[in-house]
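Step one of this worksheet: look at the structure below.
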């Protein structure tokens, strides 16, 4: 194919992608605690993921597991998994591309008359129509499960599962056949074990990479490592991510034998001067940095999405997401979903802040086949003392907008102004260029008029009197964001 035809094909492909774009909002607003956790995409552009639901409580949670399919136009179907004599729920899933195509679901549970302290692990394979092909139950010597577990399909159709029990120095690598039968396992402990945050192939698909935290840790800020396994699941090599990589994070193969990773960057483990950012790296096969980007304000607690923070469908259209001003599972201040669109060298195409009115926690970022992105997470009232979260699923188009929803309930902004209330300074963060920030007192008089430069602008407000103010961020005389601000 000559160069002219290649360019024409790329233009037609981009036109097709743009012409087919969709966006939507799904708000799960009921009396239940509803938690969408992770979504993957199938061959027809549907999003398939897990949603946990439970009655609100401040004690023991009994979740039901729902498998959701969201079509590109936002229509949904779901099924609930339930057993009369068993309490269980699924917490992870992965796409299976060997026939029959579908998904592998992983969870854990226990019989009602048994102790929940030693649950069994459940594997379930479903096809693209959610028909259950098989279900397998395994009970291990340790409580292997929880959120530090991952699964992947090998090129021959076998399935590898890696997990670590919480608060324990053990790690299990388990290989199953495509029919769910046990093929092999390796149990590691001590320095050979760590929390499992990802599974992938190496650059030429000849070995399995286990992405961990604390495995083979010695000293310093190299907290996260990659363990290489051979076909017998034996550890044959260990490499360390660059300094300050922290959890949650996920990694995936990228173009030119490289590795793409989205992380929570945590600087200051040993100095006490804590800085947290959401970052992305492109690394070569020796884990040398090829490209990197560090986003969000390091003075504000920010964390990558809890389950899957970085994803791409097209290699020049990468999405990185997380939480800005994260305070824990329950928050005392409003915060935002954060998402940025990056190109293949990790240049920032846009940043979006979603929410700001309640407490939001983003769980997964899933790149879409039309160039957009699906964000799945939760929101709840600030300072609520028990879990009663609404599930939030938002599909943005390729420019980060929701334009086809007539009754939008979630605020999506190109800029944020914080902290609010504040005392010594105001931060304005936006990826837009040529912006102006203006602050007015309650008499309508301008007290600050400043050009916003770069992603982050910090303005000293120590000389302002305490009280109520109004602000606006404008670009080309159009308002990007406006609101009230309080000086303490």
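The values are calculated or read from the model by the stated rules, or taken from the named source; none is laboratory data. The shown structure was predicted, so the numbers you read here are calculated from the model rather than taken from an experiment. Cβ placement follows ideal geometry from the backbone for every residue including glycine, while neighbour counts extend to all protein chains displayed.
Would a scan of region 383-396 turn up a residue that is within 30 Å of residue 32 (Cα to Cα), part of a loop (DSSP other than H, G, I, E, B), without any contact (Cβ under 8 Å) to a residue 40 or more places away in the chain and assigned by TED's automatic domain parsing to the domain that holds residue 298?
Just the residues of region 383-396 that are within 30 Å of residue 32 (Cα to Cα), to begin with: 383-396.
Filter again for part of a loop (DSSP other than H, G, I, E, B), leaving 383-386, 388-389.
Still in the list and also without any contact (Cβ under 8 Å) to a residue 40 or more places away in the chain: none.
Checked region 383-396: no residue is within 30 Å of residue 32 (Cα to Cα), part of a loop (DSSP other than H, G, I, E, B), without any contact (Cβ under 8 Å) to a residue 40 or more places away in the chain and assigned by TED's automatic domain parsing to the domain that holds residue 298.
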Can you tell me which of (1) modelled with pLDDT under 90; (2) under 24 Å from the mean Cα position of the chain (by Cα); (3) over 27 Å from residue 75 (Cα atoms) is the one residue 420 doesn't meet?
(2)
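Condition (residue is surrounded by 14 or more Cβ atoms within 10 Å (Cβ to Cβ) and either over 28 Å from residue 36 (Cβ atoms) or not assigned by TED's automatic domain parsing to the domain that holds residue 360 (or both)) applied to region 460-468: is it met by at least one residue? Lay out the reasoning, then the answer.
Step one: of region 460-468, the residues surrounded by 14 or more Cβ atoms within 10 Å (Cβ to Cβ) are 461, 464.
Imposing the further condition that a residue be either over 28 Å from residue 36 (Cβ atoms) or not assigned by TED's automatic domain parsing to the domain that holds residue 360 (or both) reduces the set to 461, 464.
Looking for residues that are surrounded by 14 or more Cβ atoms within 10 Å (Cβ to Cβ) and either over 28 Å from residue 36 (Cβ atoms) or not assigned by TED's automatic domain parsing to the domain that holds residue 360 (or both), one finds at least one in region 460-468, hence yes.
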For region 284-299, what are the residues that are touching a residue at least 40 places away in the same chain (Cβ under 8 Å), surrounded by fewer than 19 Cβ atoms within 10 Å (Cβ to Cβ) and in a loop (DSSP other than H, G, I, E, B)?
285, 286, 287, 299
Residue by residue through region 176-211, note down the ones that are within 27 Å of the chain's Cα centre (by Cα), over 20 Å from residue 310 (Cβ atoms) and surrounded by fewer than 21 Cβ atoms within 10 Å (Cβ to Cβ).
192, 204, 205, 207
Looking at residue 226 and the list (1) farther than 19 Å from residue 248 by Cβ; (2) at pLDDT 95 or above, which single condition is not satisfied?
(1)
Filter region 72-104 for residues that are part of a loop (DSSP other than H, G, I, E, B), touching a strand residue (DSSP E or B) at 6+ places or on another chain (Cβ under 8 Å) and without any contact (Cβ under 8 Å) to a residue 40 or more places away in the chain; which is farthest from residue 121 (Cα to Cα)?
100
Does any residue of region 266-283 turn out to be surrounded by fewer than 24 Cβ atoms within 10 Å (Cβ to Cβ), under 30 Å from residue 237 (Cα atoms) and in contact (Cβ under 8 Å) with a residue 60 or more places away in the chain?
yes
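Given the criteria in a loop (DSSP other than H, G, I, E, B), under 23 Å from the mean Cα position of the chain (by Cα), more than 28 Å from residue 457 (Cα to Cα) and touching a residue at least 12 places away in the same chain (Cβ under 8 Å), does residue 409 qualify? Break it down into steps so the answer makes sense when it comes.
On the way: in a loop (DSSP other than H, G, I, E, B): yes; under 23 Å from the mean Cα position of the chain (by Cα): yes; more than 28 Å from residue 457 (Cα to Cα): yes; touching a residue at least 12 places away in the same chain (Cβ under 8 Å): yes.
Answer is yes for this residue.
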Restricting the search to region 215-227, which residues are in contact with a strand residue (DSSP E or B) (Cβ under 6 Å, 6 or more places away or on another chain) and either within 23 Å of residue 309 (Cβ to Cβ) or exposed (fewer than 13 other Cβ atoms within 10 Å of the Cβ) (or both)?
215, 222, 223, 224, 225, 226, 227
